[in-house]
Amino acid sequence: MSDPRAGARQAPPPTATTPTRVRYAIVPVPTLSLQTVASRSGVHPDLIRRFVALGLVEAERDAAGGLVFGPTAPAALARVQRLRTGLCLNYASIGLVLDLLDRISLLEAALRGRGTRSDTPPWT
């Protein structure tokens, strides 16, 4: 004989109103202020604000409304500066190049995960 309460123990099927699961970091991620990022990267704070507005560098707002950055922000700024000076790209093209480079990195990681070598071209 089956237990009538067994059906009540099962989780309801996911619906559009099912809340998403919130994930908490075990260790808080340190954030950097705009002034710290500017001094570490050697880039003027106004230019960093422009990069954030263009979507070239990720930032969030703190409770006071100021910009805060992740620990990788100085490296991201250096990458933008290298593309700007090395390839003479405008900021709109830098956004496109960054997106393409990120996509290439994901595809190469997927190939490495499958065991396929990506360092030799497929035509040789």
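Determine the per residue accessible area of the range 28-104 with all protein chains present and a 1.4 angstrom probe, expressed in square angstrom.
Accessible area per residue, the range 28-104: 64 Å².
With Cβ to Cβ distances under 13 Å as the rule, what net charge do the other residues near residue 51 carry (K, R +1; D, E -1)?
+2
The values are calculated or read from the model by the stated rules, or taken from the named source; none is laboratory data. Note that the structure is a prediction, hence the values are computed from the model and not measured. Ideal geometry is used to build each Cβ from the backbone, glycine not excepted, and the neighbour counts take in all protein chains shown. These accessible areas exclude ligands, DNA and RNA; they are computed on the full protein's heavy atoms, side chains included. Shrake-Rupley method; radii C 1.70, N 1.55, O 1.52, S 1.80 Å.
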